[in-house]
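Undergrad: Got a structure for you, written out below as structure tokens; questions coming shortly.
The values are calculated or read from the model by the stated rules, or taken from the named source; none is laboratory data. Treat the numbers as computed from the prediction; the structure is a model and nothing was measured. Positions of Cβ are generated from backbone atoms using ideal geometry, with glycine treated the same way; all protein chains shown enter the neighbour counts. For the accessible areas, the whole protein counts, side chains as well, though only heavy atoms, and no ligand, DNA or RNA atoms are used. Shrake-Rupley method; radii C 1.70, N 1.55, O 1.52, S 1.80 Å.
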Amino acid sequence: MKKPDLILNLSNSSNLSKTDAKIAVKVILEELTQGIVSGKGVEIRGFGGFYKKYRKARQGINPKTSERTEVSEKFVPFFKPGKFLKEIINKI
């Protein structure tokens with residue numbers, strides 16, 4: 001599902017106009033982003049949590065050329081699924 005599909009589904013399943021649904025999705029995504037960037041993370045009970053994880057600097061290898069390169073330290077976004085989401089996925 002892509003962002004426009006999410007907006008359309010939200011609009012269809014509620015009594016929001018497409019414009020209001022688009023604003024709602026935009027606000028939710030901005031708040032998720034701010035929560036992750038701040039380091040506090042965002043937890044949605046039953047669904048999962050969004051966090052940022054620290055990755056140390058390391059040696060990487062270019063798969064095409066086998067050339068070694070230095071990959072700098074960085075933070076990466078991380079999602080940890082909740083119990084309910086794991087159960088639903090495994091029922092299929």
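Undergrad: Here is the link list: K2/K64; K3/K52; K40/K86. Which ones come out longer than 25 Å on Cα distance?
TA: Too far apart for the 25 Å limit: K2/K64.
Undergrad: Could I ask something else about it? With a 10 Å radius around each residue's Cβ, average the other Cβ atoms per peptide and rank 66-73, 3-10, highest first.
TA: Highest to lowest by the protection proxy: 3-10, 66-73.
Undergrad: Here's something else I'd like to know. Where Lys and Arg each count +1 and Asp and Glu each count -1, what net charge lies around Y54 among other residues with Cβ under 9 Å from its Cβ?
TA: Net local charge, Y54 excluded: +4.
Undergrad: Would you mind computing, in nm to one decimal, how far apart the modelled labels at K26 and F79 are, each placed 7 Å from Cα along Cα→Cβ?
TA: 2.3
Undergrad: Carbon-plus-sulfur fraction of the accessible area of the chain, 1.4 Å probe, in percent?
TA: Answer for the chain: carbon and sulfur cover 57 percent of the accessible area.
Undergrad: Counting helices only, and only those DSSP H runs with n ≥ 4, report the 222 nm mean residue ellipticity of the chain as the sum of -39,500 (n - 2.57) divided by its residues, in deg cm²/dmol to the nearest 500.
TA: -14500 deg cm²/dmol
Undergrad: Taking H placed 1.01 Å from N in the peptide plane, check which residues at least 5 places from G48 or on another chain put their amide H under 5 Å from its amide H.
TA: G82
Undergrad: Can you list the aspartates and glutamates whose alpha carbon is less than 14 Å from that of K22, not counting same-chain residues fewer than 8 positions off?
TA: Within the straight-line limit of under 14 Å, K22 reaches these aspartates and glutamates: D5, E30.
Undergrad: Rolling a 1.4 angstrom probe over the protein heavy atoms, how many square angstrom per residue are accessible across the chain?
TA: In whole numbers, the chain has 86 Å² accessible per residue.
Undergrad: Taking the structure as given and computing mean projected area of the Cα convex hull in nm², which label from (i) 5.7; (ii) 9.3; (iii) 6.6 fits?
TA: Correct label is (ii).
Undergrad: Taking the Cβ of I7 as the center, what net charge do the other residues with Cβ under 12 Å away carry, scoring Lys and Arg +1 and Asp and Glu -1?
TA: Value of the local net charge: +3.
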